[in-house]
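The values are calculated or read from the model by the stated rules, or taken from the named source; none is laboratory data. Just so it is clear, the model here is predicted, and its values are computed rather than measured. Cβ placement follows ideal geometry from the backbone for every residue including glycine, while neighbour counts extend to all protein chains displayed.
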Amino acid sequence: MRILVTGASGMLGASLAVELSRKHKVFGTGNSEMILPIDYKIFDLLKESYKELIEWSKPELIIHCAALTNGNFCQNNPLDAFNLNGCTTKKLMDASDDHVKIIYISTDAVFSSSLHMAKEVDCISPENIYGKSKELGEFFLVNSNRDYLILRTTIVGLNYYREKNGFVEWILNSVKAKETIMLFDDVLFTPISIWDFIIEINFLINQNTYNSKIFHITGGEVVTKYEFGMSLIQELSLDTSCIKKGYISKFTDRAKRSNDQTLDCSLYKQQFKRKLPNLKDTIITIKNNI
């Protein structure tokens, strides 16, 4: 199958493109130079026309991973956020034939803090620009005639190029440098590693069931950001004294972020008879990929 992966210079997109290239013809696009074992093209998704991109890749499936995920940047630059996280979905559909399937990677941020273990049927009510921009991306698909899957998730992992600094790298680099960091003990989430999430995407591609549905795919255990960080550092036998408890309720100079980012994955697990990883599984997977 010919697959176009957007955001192939990002944490999920790069590893996903490489893994899928083992069995498929993969084309990746990103906003920076990357050396990957796939056909890769730097492409600005803020362009009006995607004709060049689609003619180059001729995809049968588009996996739309590209996104602005920095909440503060999105809050301060709403036009960029809505254009990249939302309008790109419509541009991909406009440029490609109706038979091209789309997998859209969405987020827990489309829900409000009032929901614990949000289900697919729950009403979405994003509390910040990032969540609203991802809601827009979902809107274009839900109101289209495409075969699609929307996958809401909360991923953790490592960047393909380790010099990039995501959440996990920030924890590891800070602890190794003996710098004190603060992790929120009042923010709940259900993290899944990018590698376990990729296994599920691969599974869905092999199922060839693009029935225009939304699924939640995350880890199977609720933890706080503090508990996650401590578990990771303990598993790696590093110094935990650098990690301090913090509380999101005391931070006022940042974009509003839900303090309950948990997702219920029962629908996905029951429909496809899948077992999703718990916290220990996720930590071990990250350790094995360091």
So Ser133, is it closer than 28 Å to Asn289 by Cβ and at pLDDT 95 or above: no
Check on Gly229, within 17 Å of the chain's Cα centre (by Cα) and either within 25 Å of Thr285 (Cβ to Cβ) or at pLDDT 95 or above (or both): no
3 or more residues under 23 Å from Tyr268 (Cβ atoms): qualifying helices (runs of 4 or more DSSP H) within the stretch 57-146: 129-142
Elements of type strands (runs of 3 or more DSSP E) contained in the stretch 171-256, each with 2 or more residues being charged (D, E, K, R): 243-246
Selected residue [closer than 21 Å to Gly157 by Cα, at pLDDT 95 or above and of a type in the set (A, V, I, L, M)] from Leu20, Leu4: Leu20
